[in-house]
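Asks: This structure is in structure tokens; I'll ask about it shortly.
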Amino acid sequence: MSASYENLLYELDAASGILTITINRPSKLNALNAATIEDIGAAMQQALDEPQVRGIIVTGSGEKAFVAGADIAELAALTPAQALRAAEHGQEAFCRIEESTKPVVAAVNGFALGGGCELAMACHMRVASDNARFGQPEVNLGLLPGYGGTQRLPQLVGKGKAIELLLTADLVKADEALRLGLVNHVVPQAELLAFCQQLLGKILGKAPLAVGMVLECVNAHYAKDANGYEAEAKAFGRAFETDDFKEGTTAFVEKRAAVFTGK
């Protein structure tokens, strides 16, 4: 199954339930313009609405860039009021990824700079090819991250290191990103998508409702208007109402593999 978007590819493998969203502006190193941000938000909403989609990979076209940043020419023409709205739209699209109850893995296949780093950080997990580079170079342009970078980078690498990276605009190689906790795994580029599919496949073998609840509870820890412990307790209680809980516990007692239905 596929859907048509101007600046990205939307390809669902029906057998596995894994959707691959590919940012597809190779002539611009997949830079994010307003139309691409809109496509990302729409594609994520479609993925959330379609029960056939069980897990999502986000990647970039080509071998040089995941997303090399924002479209600077487009940004330079914005008024302050338009820039505010652009940041709000970008944050909304990326929050749709972060708040997804279906697991999302970023397959970072090259440069992930500026908005590209922010897009990767909005995903639940990040797998980098060994040629990947990460950075938030906005201060070089007299700017700062606008799509959540100042919020998510400290969550992943800690406040002090995040401030250093944000203020120096230093680029981080894949192995250093792994050491910092910015990415989960580093693999050769030729193995990147297969590794991400394998990782998602392992997750998709678990109880879908429980997976979604885990994602909700982890996000609740960082939400200023939520209590993560309260969210966890409530989700724990809800899990006991599901057929998947009954199946999982029965299968454990019977010493067999569980067959989850997402109910």
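Asks: How much accessible area per residue does the range 49-101 have, counting only protein heavy atoms and a probe of 1.4 Å, in square angstrom?
Replies: 52
Asks: Continuing with the same structure: Run the helix sum for the chain: -39,500 (n - 2.57) per DSSP H stretch of 4+ residues, divided by residue count, reported at 222 nm to the nearest 500 deg cm²/dmol.
Replies: Value at 222 nm, helices only, nearest 500: -14500 deg cm²/dmol.
Asks: Give me the dipole magnitude in Debye, nearest 20, for the chain about the Cα centre, with unit charges on the beta carbon: positive for Lys and Arg, negative for Asp and Glu.
Replies: 540
Asks: Please list, in chain and number order, the residues 5+ apart from Val187 or on another chain whose amide H is under 5 Å from its amide H, with Hs placed from the backbone.
Replies: Residues meeting the criterion, in which the H sits 1.01 Å from N, are Ala128, Ser129, Asp130.
Asks: Which whole-number percentage describes the relative contact order of the range 117-171, with Cα contacts under 8 Å and a sequence gap of 6 or more?
Replies: Over the range 117-171, the number comes to 44 percent.
Asks: Separate question: Which order do the peptides 24-31, 135-142 take when ranked by the mean count of other beta-carbon atoms within 10 Å per residue, highest first?
Replies: 24-31, 135-142
Asks: Here's something else I'd like to know. Calculate the length of the line joining the C-alpha centroid of the range 99-151 to that of the range 198-220, in whole Å.
Replies: Each part reduced to its Cα centre gives a spacing of 21 Å.
Asks: Ok, one more. Between (i) 18.5, 61; (ii) 23.1, 74; (iii) 18.8, 64, which matches Rg and Dmax of the Cα atoms in Å calculated for the structure shown?
Replies: Looking at Rg and Dmax of the Cα atoms in Å for this model, the match is (iii).
Asks: Arrange the peptides 154-160, 199-205 so that the one whose residues have, on average, the most other Cβ atoms within 10 Å appears first.
Replies: Put in order of decreasing packing, that is 199-205, 154-160.
Asks: In the chain, what percent of the accessible surface is made up of carbon and sulfur (1.4 Å probe, ligands and nucleic acids excluded)?
Replies: Carbon-and-sulfur percentage of accessible area, whole number: 57.
Asks: Mind listing the long-range amide H neighbours of Gly60? Cut-off is under 5 Å, sequence gap 5 or more, other chains count too, H placed in the peptide plane at 1.01 Å from N.
Replies: Answer set, sorted by chain and number: Ile23, Asn109.
Asks: Here's something else I'd like to know. Fully extended, how many nm does the chain gain between Ala14 and Asp225 (0.36 nm per residue separation, minus their Cα-Cα distance)?
Replies: In short, 72.2 nm is gained.
Asks: How many Å² of accessible area per residue for the range 206-254, probe 1.4 Å?
Replies: That works out to 71 Å² per residue.
The values are calculated or read from the model by the stated rules, or taken from the named source; none is laboratory data. Just so it is clear, the model here is predicted, and its values are computed rather than measured. Here Cβ is always computed from backbone atoms with ideal geometry, including for glycine, and neighbour counts include all displayed protein chains. When the accessible area is computed, the model is the full protein with side chains, heavy atoms only, and any ligands, DNA or RNA have been set aside. Shrake-Rupley method; radii C 1.70, N 1.55, O 1.52, S 1.80 Å.
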